[in-house]
1. With viscosity set to 1.306 mPa s at 10 °C, what whole-number translational diffusion coefficient in µm²/s follows for segment 286-332 from Stokes-Einstein and a Kirkwood radius over Cα pairs?
2. Sticking with the crude label model, points 7 Å out along Cα→Cβ, report the distance from Arg102 to Glu232 in nm, one decimal please.
3. Rg(Cα) of segment 153-211 divided by 2.2 N^0.38 Å?
4. Ala68 to Ala218: extension gain in nm, 0.36 nm per residue of separation minus the Cα-Cα distance?
5. Provide the convex hull volume over Cα atoms per residue for segment 36-109, in Å³.
6. Estimate the FRET efficiency between Asp365 and Arg171 by the formula 1/(1 + (r/R0)^6), using the beta-carbon distance for r and 41 Å for R0, to the nearest 0.05.
7. I want to check the label-to-label distance for Ala380 and Cys195. Put each point 7 Å from Cα in the C-beta direction and report it in nm to one decimal.
8. If each residue of separation counts as 0.36 nm, what is the full-extension length gain between Ala272 and Glu340 once their alpha-carbon separation is subtracted?
Amino acid sequence: MKVAYLVNQYPGISHTFVRREIAALERAGLTVRRYAVRPSRQAVIADEDKAEASRTRYILRTPIMQLAGDILASIAAAPISSARAFALAVKLGWRSEAGLARHLVYFAEAAALARWMRRERLAHVHAHFGTNSASVAMLAARIGGAGFSMTVHGPEEFDKPGLIGLPEKIRASRFTAGVSCFGMSQLRRLVGPECWERIKIVRCGVEKTFYEGRETRAPSADQFVCVGRLCEQKGQLTLVEAAALLKERGRRFAITLVGDGEMRGAIEAAIARRGVADRVRIGGWRTPDEVRASIEGARALILPSYAEGLPVSIMEAFSLARPVISTYIAGIPELVIPGENGWLVPAGDAEALANAIAAALDAPDADIRAKGEAGRARVAAQHDIDAIARELKALFAPYEAAA
């Protein structure tokens with residue numbers, strides 16, 4: 001069985017979950033052809049991502065004459081379905097935030113992808129994210145007579161569903177996956193109940209090699225880690241405020257922000273302004289091995305998010321037997337259970353976040369270990385990537401005969 005995977009930018013340092021999913025599908029016996037619109041704008045620093053980049057075909061890296069030839073050949077091979085796809089691109093473009101011109105570009109990219117899929121005898125394309133990659137995949141499937149599905153992660157897609165044509169994409173899909181119950185509920189809001197059957201929960205996961213066979217280290221006395229892109233959604237500015245409150249109380253601790261992003265300057269300014277440079281530092285992007293080491297060296301993971309899907313960093317922390325401090329938003333409460341495997345606080349509440357960090361500092365090491373082990377059991381039960389791949393393979397299976 002063969003399927004195509006399409007991501008806008010791939011591989012990216014924050015898209016480890018896509019690489020894990022593809023690898024697990026291949027272990028389950030599928031052949032996955034990787035496509036992307038363009039290479040990631042993030043640095044490709046991990047060996048795993050470098051290898052993945054070599055396996056990926058990029059639409060916008062194709063020589064222009066070859067790309068033009070593929071587009072024209074695709075349209076000539078299926079003029080009626082191409083015309084219908086063109087009409088759909090125009091319809092979506094008129095009322096989208098991207099505009100008509102960009103949707104005509106999506107149509108051209110889709111025509112090239114449809115040609116490549118036909119050559120490879122790929123009868124189904126799956127897109128990650130419900131934004132432009134899903135637009136291109138949906139149009140390519142329409143041109144080539146293939147099937148189309150997508151995984152919608154959030155939160156961006158839920159902020160502007162009408163502007164990215166998300167309801168139309170759900171209706172056009174063979175199935176649409178949400179990564180949590182919360183995600184599934186948000187997708188159901190966009191379409192009528194007659195479409196709900198095609199909305200599935202397909203969670204992200206962690207491979208056993210990430211954590212099995214590793215000796216569980218004793219929890220650090222006062223080190224914490226926050227893993228994620230430095231952006232408004234992740235709430236790192238609230239974490240800086242909480243750190244300032246804890247310092248005022250005379251508490252000893254250290255927090256490392258693993259990641260980078262558009263808000264780095266604002267976060268650095270807040271660290272300086274609140275006088276917590278001796279407590280909070282920005283570590284930048286790390287390889288998967290370095291992220292794992294950072295989590296293992298911490299007492300707990302902190303993720304003070306304002307908006308999310310369901311963060312993979314929480315799954316990784318739990319798999320390494322570290323409890324989590326996070327917020328009551330989106331799919332997070334489906335994984336973090338207060339009193340069992342971590343602490344939850346209202347998003348944006350710096351005092352509540354400071355109190356939760358203080359509670360983690362004051363908790364006996366045995367309690368920290370118990371919470372971490374409870375988190376590990378929860379991830380093993382719900383987020384084993386190989387079990388998830390088998391579920392996803394079953395969703396692809398009805399379309400195998402068409403290949």
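FYI, it's all coordinate maths here, none of it is from the lab. Owing to the predicted nature of the structure, the values given are computational and were not obtained by experimental measurement. Here the Cβ positions follow ideal geometry from the backbone for every residue, glycine too, while neighbour counts run over all protein chains shown.
1. Here the translational diffusion coefficient equals 145 µm²/s.
2. Calculated label separation equals 1.7 nm.
3. On the way: Rg = 12.8 Å, N = 59, 2.2 N^0.38 = 10.4 Å.
Taking N as the residue count of segment 153-211, the ratio is 1.23.
4. On the way: separation 150, 0.36 × 150 = 54.00 nm, distance 5.82 nm.
Between Ala68 and Ala218, full extension yields 48.2 nm more.
5. On the way: hull volume 8.3 nm³, N = 74.
Enclosed volume per residue, from the Cα hull, is 112 Å³.
6. On the way: r = 52 Å, r/R0 = 1.28.
FRET efficiency, Asp365 to Arg171: 0.20.
7. It works out to 4.0 nm between the two label points.
8. On the way: separation 68, 0.36 × 68 = 24.48 nm, distance 3.52 nm.
Result for the pair: 21.0 nm of gain on full extension.
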